[in-house]
Amino acid sequence: MLIGDMDAGYFGVVRADEMVAALDIFNAVLSDDAGSTPVVNPNLFWMKFAYKGQFLFFPSYHLGTTSWKALYERGSVYDSDGTGKWPPVGSPLTKQNRYIALDSPEGAVGFVPRLPTFAASDPIIGQRAQDGELYQLLGRVFPGTYTKGDWDGLHTATPPLDYSTGFLFQTTSAADGSTVWFTSMNAQSSSNLQKTGNYGWRPFLRLFDLSTVTLALTEIRGTVTQSLRKPTLFIDQNRDPNIPLRMEGVRGTIDRSISKPYLIATDSAPVYSPNSVRGRAPAGVLTPPALQITVVPPVQLKNTNGKLDGFK
């Protein structure tokens, strides 16, 4: 930062080829409005400011001609999540936070375009209020009758700064709600113009972090270099076996019969009691086992000598 602070400060100038082309900004906001016309200035550069904690860029020349009404309907007047203080009569209420993302030499960048404020109050009656961005920022980069020029002397810059051509401001006139303030950077003269008329457009671009905002998809344009093909499908040979797969709607023709399931005996087969036993007698005649009989002769008492063996 060359001078000031984040509440109101100035960094210097940036070439368009170092940041973003004016035509890219115009097309991002107004390409669908037939009543708007871009202005291509090869010498255009950007002035970088700090204001109330934000980084702002302002072009050295207007980007085209358009109406305040067209800008409002494209969310590019106020830079707020609301619909703005003074929507044009007949326009649908539109959120004023037009986020755009563009390519730059430093990569993709995000901007929110809006109009500068003529005064801190809105609406306002009077001229050259010293609390708006006209006096707090724009009028401080070159000296003039109604500007301080205490930050820079861009009236002698090469390429030149257009400080005398008027452009649209955000602030509505309190005298007539259908008109807005219109003046140049040197504030030499100012007037109230209808919101439906086409005039010079010089927006502030607020820099924002692309990672903090989800952007809607925009129209894709290009040239077809080849025809589109169906995506290639392949079988996952290394599928996780723990992931179950559901088979649905399987149709086909059976090309062989389905075998009956067979049983395999386990290591410890159960034992069942037989219900009946059937069979036939063995061949031949069964012979009973032989018996041996020992005959003991009777004992003569006369020979016992008064004793009998085995008796007591």
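For segment 27-52, a residue qualifies if it is acidic (Asp, Glu) and either within 24 Å of Leu161 (Cβ to Cβ) or touching a Ser or Thr at 6+ places or on another chain (Cβ under 9 Å) (or both), and exactly one does: Asp33.
The residue of segment 100-118 that is surrounded by the fewest Cβ atoms within 10 Å (Cβ to Cβ), among those that are modelled with pLDDT of 85 or more and among the hydrophobic types (A, V, I, L, M, F, W, C), is Ile100.
Annotation: Arg221 fulfils all but one of (1) under 39 Å from the mean Cα position of the chain (by Cα); (2) modelled with pLDDT of 75 or more; (3) part of a loop (DSSP other than H, G, I, E, B); the unmet one is (2). Looking at segment 173-193, which of the residues that are assigned to a loop (DSSP other than H, G, I, E, B) and free of Cβ contacts under 8 Å to residues at least 24 places away in the same chain is surrounded by the most Cβ atoms within 10 Å (Cβ to Cβ)? It comes out as Ser184.
I'm checking my understanding of the structure. Among residues of segment 130-159 that are among the aliphatic types (A, V, I, L, M), crowded, with 20+ Cβ neighbours inside 10 Å and outside any helix (DSSP H, G or I), which one is modelled with the highest pLDDT? Going through the qualifying residues, I end up with Leu137. Residue-level check: of (1) closer than 15 Å to Trp181 by Cβ; (2) touching a residue at least 24 places away in the same chain (Cβ under 8 Å); (3) surrounded by fewer than 20 Cβ atoms within 10 Å (Cβ to Cβ), Gly126 misses just (2). For segment 87-99, check the following and say yes or no: at least one residue is of a type in the set (Ser, Thr, Tyr) and within 22 Å of Val180 (Cα to Cα). Looking through segment 87-99, at least one residue is of a type in the set (Ser, Thr, Tyr) and within 22 Å of Val180 (Cα to Cα). Residue pairs whose Cβ atoms lie under 8 Å apart, sitting 6 or more positions apart in sequence or on different chains, and linking a residue in segment 5-24 that is modelled with pLDDT of 90 or more and assigned to a helix (DSSP H, G or I) to a partner that is of a type in the set (Lys, Arg) and surrounded by 16 or more Cβ atoms within 10 Å (Cβ to Cβ), do not occur here. Among residues of segment 53-65 being more than 28 Å from the chain's Cα centre (by Cα) and of a type outside the set (Gly, Ala, Ser), the one that is farthest from Tyr163 (Cα to Cα) is Thr65. For segment 97-117, the condition holds for at least one residue, the condition being that it is touching a strand residue (DSSP E or B) at 6+ places or on another chain (Cβ under 7 Å) and without any contact (Cβ under 8 Å) to a residue 24 or more places away in the chain.
The values are calculated or read from the model by the stated rules, or taken from the named source; none is laboratory data. All figures in this text were calculated on a predicted structure; none of them were measured in a lab. For neighbour counting, all protein chains shown are included, and Cβ atoms are generated from backbone atoms with ideal geometry for every residue, glycine included.
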